[in-house]
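Structure first, commentary second.
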Amino acid sequence: MKQIKKLARRGMFRTLGLLGAIFLGAAVFLGLLSAGQGIEAMLIMILTMGLMFLLIFLIFGLVGVVPYARVGKMVKRQCEELGIELDEDQEFEAVTKEISMSKNWLVSGLYGSNFALHRRSIDHVEETSYYQKGRTYPMILLYVGPKKKYKIICSRKGDFERVTDALDQWFPPLDTPDGAEAFAKTEDIRAEEDRQARRDRIMQQEQGMGGKKTVAAIIVIVGMVIAFSVVYNLLPSRTAAPKTTPNIAGNAPQTSKPAAGKVYDYIASIQDEQFQQVAKGLIAETEGDADLVEPLILSEENNQTYFAVYNGTPYFFYGEMVVYDENGERIGTLEIPLAKPFEYCFLNGYAEGEADSYDFTAAEFYSLSYAGTHVRYQFSLNNDDTSDWSEILLATENMNEASVQEICEAEYYSNVLSRIAMEELFFFDENELSYINDNEEEGLDRAAAKYRAVLDIDRGVIEWYSINNGSETALSSITMK
């Protein structure tokens, strides 16, 4: 147990040590800055900095201690449930700076995200991605039981391969005899993923502060303290920074026009004034990863193959996909017309014959200036036998008409660009989630939503409603054209 807890607290000690070093440097700098004002002023500055450091240090310490304190109980609980005894002399190998593994245990020493899992406690492992500030990182989800999952975000180059290789020692991949045998005992993974994809795709913007890098957060806080102290001592008055607002249609900066690539011809071919206006807000991006754009075969009938793609990137994707048969012969070229981030796009046309492989001959990525919001929210798709809808989770403090309208307008502009004619949104308080029949597997209860909105692209309006105990009240429609 001592060995596991020691590994789990590495990130906390490293973070608190770095925090102390940064504040010590800041205190010396500000002390020298105020030395010219006399000894008394310098002592007051040092005392003030010390008190501020103590407060922030306690906050960071509490954030790090709480998840660390749970590690011991987590290990004991697993030992009791699995009927095993903890081997105190087990050998651990450092897989990454945060992750250590032994023959049976995986320990995360990441600050604020400490956990220890026994190999037998992990039901299954899923490889996915994590979106943060315009970048996508590979992420591994460890599922424990029906509801719990633990994240391993691999933000450094090579960490993803190191962790997956280590996990493969525990759980053989499917292309090995052991893995094939395990695969034969499970459900059809592809069918399950297709069925659940519209339920489980998460986020237009990732919620919360958990994914931000700790060092960056510390530097920001220290920078704010230094800036405040300098302004307080040197300036006669203090000014407030101007409030920034998202761009609106018709007011896009000149630098936001799309590059004259393949997408330029596609945009010119769309004879729709609303589309043309919104397309002025496109901004070319260079960090998109075409490997995250996944083609899916919808049907193979009458020697014709129809496709959709899932855009797993945070950018709008425009591309051209060449489809080949099993002999490597080209059987069709399909256009992918500005697929919306983290959503499905159904392709017009089809390939003549049975598809065996594909290749992108054009792959361009764009962001949309109108789709930016100041409000963080979690976005997912859902459906039943009769309809489709989107679920948006908001923090309690953001559950108000201004935030909901801002999100609706951003989603509206995105839908115009991706030619999604109609979409229904339900807004939920992430701290007050209710499920159908109190069963999480049946999904969120739409009667417990706080707002509902219908984005009608053809009519150019957003119709929205506030919801109180399942009863809707219509709000004034928002005209977008």
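In this structure, does Y412 turn out to be aromatic (F, W, Y) and farther than 24 Å from V461 by Cβ? It would help to see each step written out before you state the result.
Details: aromatic (F, W, Y): yes; farther than 24 Å from V461 by Cβ: no.
No, not satisfied.
Against the definition (modelled with pLDDT under 90 and in contact with a Pro (Cβ under 7 Å, 6 or more places away or on another chain)), how does Y344 come out, yes or no? Give the steps one after another, and end with the answer.
Working: modelled with pLDDT under 90: yes; in contact with a Pro (Cβ under 7 Å, 6 or more places away or on another chain): no.
Considered against the rule, which asks whether it is modelled with pLDDT under 90 and in contact with a Pro (Cβ under 7 Å, 6 or more places away or on another chain), Y344 comes out as no.
Just to check your reading of the model, which residue among E287, E329, E301 is modelled with pLDDT of 90 or more, of a type in the set (D, E) and surrounded by fewer than 20 Cβ atoms within 10 Å (Cβ to Cβ)?
Values: E287 fails: modelled with pLDDT of 90 or more; E301 fails: modelled with pLDDT of 90 or more.
On inspection, the qualifying residue turns out to be E329.
Taking segment 72-94 on its own, how many of its residues are open to solvent by less than 70 Å² (accessible area, probe 1.4 Å) and at pLDDT below 75?
So the answer is 2.
Being within 24 Å of G349 (Cα to Cα), of a type in the set (S, T, N, Q) and in a loop (DSSP other than H, G, I, E, B) is the requirement here; does T313 meet it?
Working: within 24 Å of G349 (Cα to Cα): yes; of a type in the set (S, T, N, Q): yes; in a loop (DSSP other than H, G, I, E, B): yes.
The answer is yes for T313.
When you look at T305, is it in contact with a Leu (Cβ under 6 Å, 6 or more places away or on another chain) and not acidic (D, E), yes or no?
Against the criterion (in contact with a Leu (Cβ under 6 Å, 6 or more places away or on another chain) and not acidic (D, E)), T305 does not qualify.
Between residues in segment 253-270 that are within 15 Å of S367 (Cα to Cα) and among the hydroxyl-bearing types (S, T, Y) and residues that are open to solvent by less than 90 Å² (accessible area, probe 1.4 Å) and modelled with pLDDT under 50, which pairs lie under 8 Å by C-beta distance while being six or more apart or on different chains?
S256/N247; Y264/P258
Evaluate the following for V278: is it buried (at least 22 other Cβ atoms within 10 Å of the Cβ), farther than 18 Å from R419 by Cα and either among the aliphatic types (A, V, I, L, M) or not assigned by the TED database to the domain that holds A339 (or both)?
Working: buried (at least 22 other Cβ atoms within 10 Å of the Cβ): yes; farther than 18 Å from R419 by Cα: no; either among the aliphatic types (A, V, I, L, M) or not assigned by the TED database to the domain that holds A339 (or both): yes.
Against the criterion (buried (at least 22 other Cβ atoms within 10 Å of the Cβ), farther than 18 Å from R419 by Cα and either among the aliphatic types (A, V, I, L, M) or not assigned by the TED database to the domain that holds A339 (or both)), V278 does not qualify.
Checking C345 against (1) touching a residue at least 24 places away in the same chain (Cβ under 8 Å); (2) open to solvent by 40 Å² or more (accessible area, probe 1.4 Å); (3) within 21 Å of the chain's Cα centre (by Cα), only one condition comes out false. Which one?
Only one criterion in (1) touching a residue at least 24 places away in the same chain (Cβ under 8 Å); (2) open to solvent by 40 Å² or more (accessible area, probe 1.4 Å); (3) within 21 Å of the chain's Cα centre (by Cα) is unmet by C345, namely (2).
Considering only residues of segment 431-460 that are of a type in the set (V, I, T) and touching a helix residue (DSSP H, G or I) at 6+ places or on another chain (Cβ under 9 Å), which is least open to solvent (accessible area, probe 1.4 Å)?
Of all residues in segment 431-460, those of a type in the set (V, I, T) come to 436, 454, 457.
Checking which are touching a helix residue (DSSP H, G or I) at 6+ places or on another chain (Cβ under 9 Å) leaves us with 436, 457.
Values: I436: 64, I457: 16 Å².
Among those that are of a type in the set (V, I, T) and touching a helix residue (DSSP H, G or I) at 6+ places or on another chain (Cβ under 9 Å), it is I457.
Output yes when any residue across segment 168-175 is buried (at least 20 other Cβ atoms within 10 Å of the Cβ), modelled with pLDDT of 75 or more and either part of a strand (DSSP E or B) or not assigned by the TED database to the domain that holds V71 (or both), and no when none is. Explain how you work it out, then say what you get.
Looking only at segment 168-175, we keep the residues that are buried (at least 20 other Cβ atoms within 10 Å of the Cβ), and these are none.
No; the residues of segment 168-175 include none that is buried (at least 20 other Cβ atoms within 10 Å of the Cβ), modelled with pLDDT of 75 or more and either part of a strand (DSSP E or B) or not assigned by the TED database to the domain that holds V71 (or both).
If you check every pair at least six apart or on different chains, which have Cβ atoms under 8 Å apart with a residue in segment 92-112 that is under 12 Å from V163 (Cβ atoms) first and a residue that is buried (at least 20 other Cβ atoms within 10 Å of the Cβ) and hydroxyl-bearing (S, T, Y) second?
That search, which allows pairs on different chains as well, returns E93/S100; A94/S100; E98/S108; I99/S108; L106/S100.
Looking at (1) of a type in the set (G, A, S); (2) closer than 19 Å to V416 by Cβ; (3) surrounded by 14 or more Cβ atoms within 10 Å (Cβ to Cβ), which one does A268 not meet, given that it meets all the others?
The one condition A268 does not meet is (3).
Please verify whether segment 367-375 includes one or more residues that are within 16 Å of Y310 (Cα to Cα), open to solvent by less than 20 Å² (accessible area, probe 1.4 Å) and β-branched (V, I, T). Give the derivation first.
Of segment 367-375, the ones within 16 Å of Y310 (Cα to Cα) are none.
Looking for residues that are within 16 Å of Y310 (Cα to Cα), open to solvent by less than 20 Å² (accessible area, probe 1.4 Å) and β-branched (V, I, T), one finds none in segment 367-375, hence no.
D165 - would you say it is modelled with pLDDT of 85 or more and outside the structural domain of V293 (by the TED database)?
Numbers: modelled with pLDDT of 85 or more: yes; outside the structural domain of V293 (by the TED database): yes.
So D165 fits the description; yes.
Looking at segment 417-430, can you tell me whether even one residue there is closer than 20 Å to Y465 by Cα, of a type in the set (S, T, N, Q), open to solvent by less than 40 Å² (accessible area, probe 1.4 Å) and in a helix (DSSP H, G or I)? Lay out the reasoning, then the answer.
So the first thing to find is which residues in segment 417-430 are closer than 20 Å to Y465 by Cα, and the list is 421-430.
From what's left, of a type in the set (S, T, N, Q): none.
For segment 417-430, residues closer than 20 Å to Y465 by Cα, of a type in the set (S, T, N, Q), open to solvent by less than 40 Å² (accessible area, probe 1.4 Å) and in a helix (DSSP H, G or I): absent.
Being aliphatic (A, V, I, L, M) and not in a strand (DSSP E or B) is the filter; apply it to segment 381-403 and report the residue that is most open to solvent (accessible area, probe 1.4 Å).
The initial filter retains those residues of segment 381-403 that are aliphatic (A, V, I, L, M), namely 381, 392-395, 399, 402.
Of the ones still in play, those that are also not in a strand (DSSP E or B) are 395, 399, 402.
Numbers: A395: 11, M399: 36, A402: 74 Å².
Of everything passing the filter in segment 381-403, A402 is most open to solvent (accessible area, probe 1.4 Å).
Report the residue count in segment 316-350 for those that are aromatic (F, W, Y) and outside any strand (DSSP E or B).
We begin by selecting, within segment 316-350, every residue aromatic (F, W, Y); these are 316-318, 324, 342, 344, 346, 350.
Okay, now just the ones that are also outside any strand (DSSP E or B), so 342, 350.
So the count comes out to 2.
The values are calculated or read from the model by the stated rules, or taken from the named source; none is laboratory data. The shown structure was predicted, so the numbers you read here are calculated from the model rather than taken from an experiment. Using ideal geometry, Cβ is built from the backbone for each residue, glycine included, and neighbour counts are taken over all protein chains shown. Ligands, DNA and RNA are excluded from the accessible area calculation, which covers all protein heavy atoms including side chains. Shrake-Rupley method; radii C 1.70, N 1.55, O 1.52, S 1.80 Å.
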